[in-house]
Amino acid sequence: MSFPFTRMRRLRQNESMRRMVRETSLSVDDLVMPLFVCPGTGVKNEISSMPGNFHCSVDIVTEECRRIRDAGIPGVILFGIPEKKDATGSDSFSDNGIIQRALREIKKEVPGIIAITDVCFCEYTDHGHCGALVEGCVENDETLRLLQKQAVSHAQAGADMVAPSDMMDGRVRSIRTALDDEGFTHIPIMSYAAKYASAFYGPFREAAGSAPKEGDRRGYQMDPANGDEAIREVRLDIEEGADIVMVKPALSYLDIIYRVKQEFRVPVAAYNVSGEFSCITAAGQKGWIDLERVMMESLVSMKRAGADIIITYFAERTARLLARRSGTEELS
Ligand code: PBG
């Protein structure tokens, strides 16, 4: 049936009609907020490349978590900025490390929030790479042993979920085995399964001081030109025991999110990374785009592509906007 019997505009004539036929909805339940923890007390320093995001000491990050939980957001993902960096990133698996201290405080003070930890080394190593360097190259299997220590240490300090982002081969199996051996069979793994070597991480690297001193991450992160390879990466991680698989970044990789969801039908997370956040925020601040509408449009596109979970620096702003709108006003 075609025109004039079919008129697509009939179902677009007002917001109630559009709401009724809307296929995708964004909910506060889908959101995870990234947070950066740094040493000290009473510290809350804005990250210049990511307006509205802060380096927070443990006491302040705990307050942030309370506010985020009270806004209805189910989880946070924690990134640590250690006091000292060294060759193996030892702060990341120390019982007194920055993440371990934050976890103990958050779990004590903010019951109910899901504390996810980024499991990686680039923020903790003096060379800025995501693992142990041997002759200038990240040594895969040695890094696996260090990743096991880090994940177990996070679980011992109270992490509810671990999220390895290093892109070493075999890390999901290694971490799963180590967690199980230590009695943490109930702790899920969200793997950064298809993580691309992306320039969209720029603001984060400034935020975490984690840019590699020499070389780049193309020896372990994925080539942005590849799609089939993402399917192989995700399949391997699922076979190794990943509970949730992530595609990162999100906006330039919506096709990957879509393919992963269609192929595997497992929980999929999308990481709306720092560069995506900062581009939209900067253009919004300049008045070139309507920030809130672009924010909502891009987050809804991730859900439409197939993401179940969205990790985004916009999480709190989105939660407040959703609460304000409560579904009756224009959504996009
Ligand atoms: C690695 C890690 C990175 C991000 C999350 N985990 C940086 C990288 O791989 O260089 C990027 C997040 C973002 O850009 O928002 N620990």
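Worth a mention:
- The condition of being touching a helix residue (DSSP H, G or I) at 6+ places or on another chain (Cβ under 6 Å) and hydroxyl-bearing (Ser, Thr, Tyr) holds for Thr24.
- Contact map, the range 259-284: residues that are over 16 Å from Met302 (Cα atoms) and of a type in the set (D, E, K, R) paired with residues that are more than 15 Å from the ligand (Cβ to nearest atom) and at pLDDT 95 or above, Cβ distance under 7 Å, separation 6+ or inter-chain. Pairs shown: Glu263/Ile231.
- Any hit, the range 168-184, residues being crowded, with 17+ Cβ neighbours inside 10 Å and under 24 Å from Met50 (Cα atoms): no
- Hits in the range 262-301 - residues which are away from the ligand (no atom under 16 Å from the Cβ), in a helix (DSSP H, G or I) and buried (at least 19 other Cβ atoms within 10 Å of the Cβ): Met296
The values are calculated or read from the model by the stated rules, or taken from the named source; none is laboratory data. Bear in mind that the values here come from a model prediction, so they are computed numbers and not experimental data. Here the Cβ is made from the backbone with ideal geometry for all residues, glycine too, and neighbour counts use every protein chain on show.
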